[in-house]
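Data first, discussion second: the structure below is written as structure tokens.
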Amino acid sequence: MSIRPVHLLGSPVLRERAKEVGGAVDDEVRKLVEDLRETMHAYKGVGLAANQVGATRRVAVVETEGNDLLVLIDPVILEREGEIIEEEGCLSIPDIYGDVKRAANIVVETTSLDGERVRVPASELKSRAIQHEIDHLDGILLLDRLNILTRQFKLRKWKNQRKGETSLLREVPATADEA
Ligand code: ZN
């Protein structure tokens, strides 16, 4: 188990579509889940996807207040109900937040660590975090969910605050509640 650096906006791995794990949940996948869990805790996030630690497998974790850790392996959203717009952040784009429209309630199908396909209903922050992490697995970032003017404004802000910074890896745990 290890806390891994988090890839930042601009790192190409964030734009890749992660590959299916398939049937077998092997030791490599289990280690990835443990690394994601530990890294998410270190950065005080509510979710983390494999792309964000440089792995292109369809694996993510979500842990919101009052809920147990949810492991997502090859997750697929089966049902969506309602719409809700709320502010979102991302560990890969620190200090940039945006209002993102998401389905309010969802049912996600995922492979458990035991290799079983299970269905999990989710609402509120848990639902939002799951949708955010599945976006990561498809190479989509929250910026892509904003309207064009807001996106340009946030991108300028991002570039300004990173003046002189060249690393696309984030090594130091932060304190904000981001996903
Ligand atoms: Zn994110």
Exercise. Has the stretch 77-95 got at least one residue that is touching a strand residue (DSSP E or B) at 6+ places or on another chain (Cβ under 8 Å), surrounded by fewer than 13 Cβ atoms within 10 Å (Cβ to Cβ) and among the hydrophobic types (A, V, I, L, M, F, W, C)?
Worked result: yes
For this session: Could you please let me know if Leu113 is assigned to a loop (DSSP other than H, G, I, E, B), away from the ligand (no atom under 16 Å from the Cβ) and touching a helix residue (DSSP H, G or I) at 6+ places or on another chain (Cβ under 7 Å)?
Result: yes
For this session: Tell me which of these Pro94 doesn't satisfy, since it passes every other one: (1) closer than 25 Å to Gly10 by Cα; (2) part of a strand (DSSP E or B).
Result: (2)
Exercise. Cβ-Cβ below 7 Å, separation at least six or inter-chain, first residue in the stretch 124-136 and at pLDDT below 95, second within 11 Å of the ligand (Cβ to nearest atom) and among the basic types (Lys, Arg): which pairs?
Worked result: none
For this session: Check the stretch 146-153 and report whether any residue there is closer than 16 Å to Met40 by Cβ and within 16 Å of the ligand (Cβ to nearest atom).
Result: no
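The values are calculated or read from the model by the stated rules, or taken from the named source; none is laboratory data. What you are looking at is a predicted structure, and each value in this text was computed from that prediction instead of being measured. For neighbour counting, all protein chains shown are included, and Cβ atoms are generated from backbone atoms with ideal geometry for every residue, glycine included.
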